[in-house]
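Each remark here refers to the structure printed beneath this line.
The numbers here are math on the coordinates, done by the rules we state, and not lab data. Just so it is clear, the model here is predicted, and its values are computed rather than measured. Cβ placement follows ideal geometry from the backbone for every residue including glycine, while neighbour counts extend to all protein chains displayed.
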Amino acid sequence: MRLRADNEVCEAHGQCAMVDDELFTLDEDGYIALGDGIEVTPEREQAARLGAAACPMGALRVE
Ligand code: SF4
């Protein structure tokens, strides 16, 4: 599974990081900072889905 973020859409609400602050890395201004996306290990897939669903902007997606 791959986790991606649309930085143009993120508004730094931080709900994703409340689910898992190691998976959903934020920059110093609170915006998501996943670069080109990150690989998610099987044991963190549920957290990835929950965090993506928690984003009020729909900025996160899992593939
Ligand atoms: S929850 Fe969405 S809007 Fe908030 S920091 Fe995470 S990606 Fe950005």
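Can you give me the C-alpha center-to-center distance between region 25-40 and region 45-59, rounded to a whole angstrom?
13
Can you tell me, using C-alpha contacts under 8 Å and at least 6 residues apart, the relative contact order of the chain as a whole percent?
Numbers: 106 pairs, mean separation 31.5, N = 63.
Taking the mean separation of contacting Cα pairs over the length of the chain, I get 50 percent.
Whole-Hz Karplus ³J(HN,Hα) for region 5-12, in order, using 6.51 cos²θ - 1.76 cosθ + 1.60 and θ = phi - 60°, x for Gly and Pro?
Coupling constants for region 5-12: 9, 9, 5, 6, 9, 4, 10, 6 Hz.
How much of the pair distance distribution for the chain lies past 17 Å, counting alpha-carbon pairs only, in percent?
Distances greater than 17 Å cover 24 percent of the Cα pairs.
Any chance you could give the angle, 0 to 90 degrees and rounded to 10, that helix 45-54 forms with the longest Cα principal axis of the chain?
30
Work out the charge dipole of the chain with +1 on the Cβ of Lys and Arg and -1 on the Cβ of Asp and Glu about the Cα centre, then indicate which of 54, 38, 5 is farthest towards its positive end.
Value computed over the given set: 54.
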